[in-house]
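None of the figures in this text is laboratory data; all of them are computed from the coordinates on show. Every value quoted in this text rests on a predicted model; they were computed, and no experiment measured them. Cβ coordinates were reconstructed from backbone atoms using ideal geometry, including for glycine residues, and neighbour counts include every protein chain displayed.
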Amino acid sequence: MQVLSGVLCPFCGCCCDDIEVVIKDNTIIDVRNACALGASKFMGYSVHRNTKPLIRKNGELVETTLDEAIRRCAEILAEASYPLLYGWSNTSCEATKVGLELAEEVGGVIDNTTTVCHGPAILAIQDVGIPSCTLGQIRHRADLVIYWGCNPWCAHPRHLERYTSLSEGRFQRAAWKRYLSRLILESARKRRYRAAGRVIKGGAAALPAEEEKRWMLPPPEERKLVVVDVQRTRTADLADIFIRVEPGGDYDVLQALRALIRDEELDVDSVAGVPVEKLEELADIMVNCRFGILFFGLGLTMSVGKSRNVEAAIKLTRDLNMYTKFLIMPMRGHFNVTGANIVSTWQTGYPYAVDFSHGYPRYNPGETSAIDILSRGDADAALVVASDPVSSFPRRAVEHLVKIPFAVIDPCLTPTALMADVVIPSAFVGIEAEGTAYRMDHVPLPLKKVVEPPEGILSDEEILRRILREVRRIKGKSQARKN
Amino acid sequence: MVSMEFILITGRTIEQGKFKEHAKTTEKYKGNVAICEMHADDMYRLGVKDGDNVKVTTELGSVVVKVRKSKRIRTPGMVFIPFGPWVNSILPSETEGSGMPHLKGFKVKIEPTSEPVPDIKDLLLKTYGVKK
Ligand code: SF4
């Protein structure tokens with residue numbers, strides 16, 4: 001039995017690097033420190049995995065050799081005139097780098113999952129810039145933490161514990177006890193509420209929603225947690241202040257806050273369902289903190305307004321810096337989506353949706369982004385790496401994707417793989433292969449190899465290298481024929 | 001049969017996250033993703049119970065999922081479906097030039113149904129046809 005410590009969890013953008021993995025005979029038998037999501041990945045990664053290269057023949061996926069699968073994949077890409085290379089956020093920076101080389105070689109478009117999560121945030125950042133910092137700074141200094149349109153309790157479970165309210169910083173105490181007692185009070189209240197609901201006609205629904213009235217502010221010297229969302233999430237249950245915004249109302253609320261911190265009067269009673277007094281109080285807390293941080297999630301980037309919402313949030317942060325120190329950070333989802341952006345920017349100048357069809361990199365999200373290319377029906381082949389667009393893309397885009405020839409490189413048989421023409425199994429990066437990942441605050445961290453992959457399974461990077469070599473060979477041949 | 005209009009929100013849940021990294025073909029994934037969380041009042045009005053099947057319709061098509069009484073949604077008129085292939089098969093793909101489709105907060109029609117919730121393979125087959 002062997003215990004490996006300091007392992008990085010390859011799941012979400014928190015990139016927790018304090019995981020301990022217990023290994024026996026090349027199998028993971030236990031993980032420590034990880035949250036439910038991370039643990040389920042470490043413990044269950046091998047259960048439903050795919051270890052066989054597959055190729056579509058007469059409408060059926062049949063087993064084949066790795067060389068054959070790589071050759072077919074290279075053929076698909078080399079023959080296409082406008083292939084799409086999509087995925088990248090669940091693999092290492094090294095693999096993304098080879099992917100970019102491949103995209104240039106085949107004159108295609110390379111896009112990562114940013115396009116369907118924080119793409120609008122990047123557009124906003126390119127417009128107005130971003131005042132940000134590392135998560136370590138936040139842990140030690142932030143006395144006001146705001147989560148806007150995100151739910152770390154479910155999507156980044158250890159974010160609170162490692163970097164914000166529940167972490168013990170050098171200058172800021174953890175707020176564990178306060179939250180614990182609040183949770184106990186809250187669950188007692190819910191029990192009473194349910195009991196009352198049983199005796200009242202119409203059930204609990206007939207009772208007034210009293211918990212919204214609750215305002216429990218901690219003493220001024222303690223860290224505060226504010227959650228703004230359209231529904232009361234599990235994170236909101238912990239918050240000192242929870243503000244419910246009507247769906248699609250984030251932009252209005254952000255602009256109202258900007259007006260309030262400039263001491264302007266609002267001549268309405270409520271903004272997007274939030275009473276103005278509540279906003280005034282929040283504006284006060286923001287101006288009076290010493291170090292504030294606003295984390296935002298898909299609630300801003302996926303709702304009406306998209307990049308404009310994020311822009312308003314960044315401008316709010318900028319305005320607040322006239323009074324105090326205030327920073328802002330997107331809550332990135334996949335563990336290496338930030339890395340995909342960084343490698344892409346460093347190689348081509350652009351973070352996602354890079355089009356090489358003219359021979360040089362071009363970037364125009366809305367035109368060169370994956371969903372648009374697929375919905376317009378432009379792509380004539382695709383390569384999907386460590387991603388599952390059939391599950392995560394809207395229908396029209398998928399309808400086109402399944403019509404064109406495409407290959408998938410993934411450790412699992414995902415719905416996308418089930419619809420593919422070529423499936424190449426790969427090693428789980430961060431478990432069976434090494435690499436580099438970027439945490440959501442742009443800190444690069446090493447991904448470790450903790451167990452050996454099954455026989456014959458290569459890493460994404462190696463598979464991509466082989467495809468690239470094969471593509472070059474095919475292209476060289478056709479070039480020679482032309483000459 | 002009654003059919004009502006709702007505002008649909010999509011998002012992550014911890015259960016969805018736990019199972020998405022394994023295979024998406026498992027019953028557990030389906031049980032945690034092919035669901036529609038709804039306010040108790042709305043369920044009453046629609047005449048459905050916890051675990052009944054409902055058909056969610058947008059202009060692109062419809063999908064059958066199971067109703068779950070929400071402990072989170074406080075305002076009637078709003079429903080939540082976790083990210084996954086079921087809800088994605090009825091989402092619009094217009095990005096309005098931003099590269100990003102509109103995935104939170106749009107109108108859907110919901111009605112009770114006796115049709116079963118499709119398995120992922122059937123869902124793919126029904127929505128996208130057989131790959132040749
Ligand atoms: S919070 Fe994210 S990175 Fe950390 S253990 Fe959980 S899933 Fe892994």
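Some points to look at:
- Relative contact order of segment B:4-128, defined on C-alpha pairs under 8 angstrom at six or more residues apart (%): 38
- Listed by chain and number, the aspartates and glutamates whose alpha-carbon sits under 17 Å from that of A:LYS477, ignoring those within fewer than 8 places in the same chain, are A:GLU75, A:GLU79, A:GLU105.
- Among A:ALA272, A:VAL199, A:LEU257 - extreme Cα towards positive end, dipole of chain A, charges at beta-carbon: A:VAL199
- Ranked by how many other beta carbons lie within 10 Å on average, peptides A:445-457, A:38-50, A:106-118 from highest: A:106-118, A:38-50, A:445-457
- Of B:LYS69/B:LYS121; A:LYS177/B:LYS69; A:LYS24/A:LYS449; A:LYS41/A:LYS306; B:LYS55/B:LYS107, pairs whose Cα-Cα distance is over 21 Å: B:LYS69/B:LYS121; A:LYS177/B:LYS69; A:LYS41/A:LYS306
- Charge dipole magnitude, Cβ of K and R +1, D and E -1 - chain A, Cα centre, debye nearest 20: 860
- For q = 0.20 Å⁻¹, Debye-computed log10 I/I(0) when each Cα of segment A:262-418 counts as one equal scatterer: -1.39
- Net length available on complete extension from A:LEU183 to A:VAL268 is 27.2 nm, with 0.36 nm assigned per residue and the Cα-Cα distance removed.
- Aspartates and glutamates whose Cα lies under 14 Å from that of A:LYS57, excluding same-chain neighbours fewer than 8 positions away: A:GLU68, A:ASP421
- Per-residue [θ]222 nm for chain A (sum of -39500 (n - 2.57) over DSSP H runs n ≥ 4, rounded to 500): -11500 deg cm²/dmol
- Rounded to the nearest 10 degrees, the angle from helix A:460-482 to the longest Cα principal axis of chain A is 40 degrees.
- Per-residue Cβ neighbour rank within 10 angstrom, fewest leading, A:LEU464, A:LEU54: A:LEU54, A:LEU464
- Beyond 24 Å in Cα-Cα separation lie the following of the pairs B:LYS28/B:LYS126; A:LYS52/B:LYS126; B:LYS71/B:LYS126; B:LYS49/B:LYS126: A:LYS52/B:LYS126; B:LYS71/B:LYS126; B:LYS49/B:LYS126.
- Hydrodynamic radius (Kirkwood) for segment A:341-399, which is based on Cα pairs only, to one decimal in Å: 12.4
- Cross-link partners for A:LYS190 among the aspartates and glutamates, with Cα-Cα distance under 18 Å and sequence neighbours closer than 8 places in the same chain left out: A:GLU210, A:GLU211, A:GLU212, A:ASP237, A:ASP240, B:ASP41.
- For chain A, the longest principal axis of the C-alpha atoms and the axis of helix A:176-199 are separated by about 80°.
- For segment B:2-13, putting each phi into the Karplus relation 6.51 cos²θ - 1.76 cosθ + 1.60 with θ = phi - 60° gives couplings of 6, 9, 10, 8, 9, 9, 9, 10, 10, x, 9, 10 Hz, in residue order, rounded to whole numbers and with x for Gly and Pro.
- Relative contact order of chain A, pairs being alpha-carbon contacts under 8 Å that are 6 or more residues apart, as %: 25
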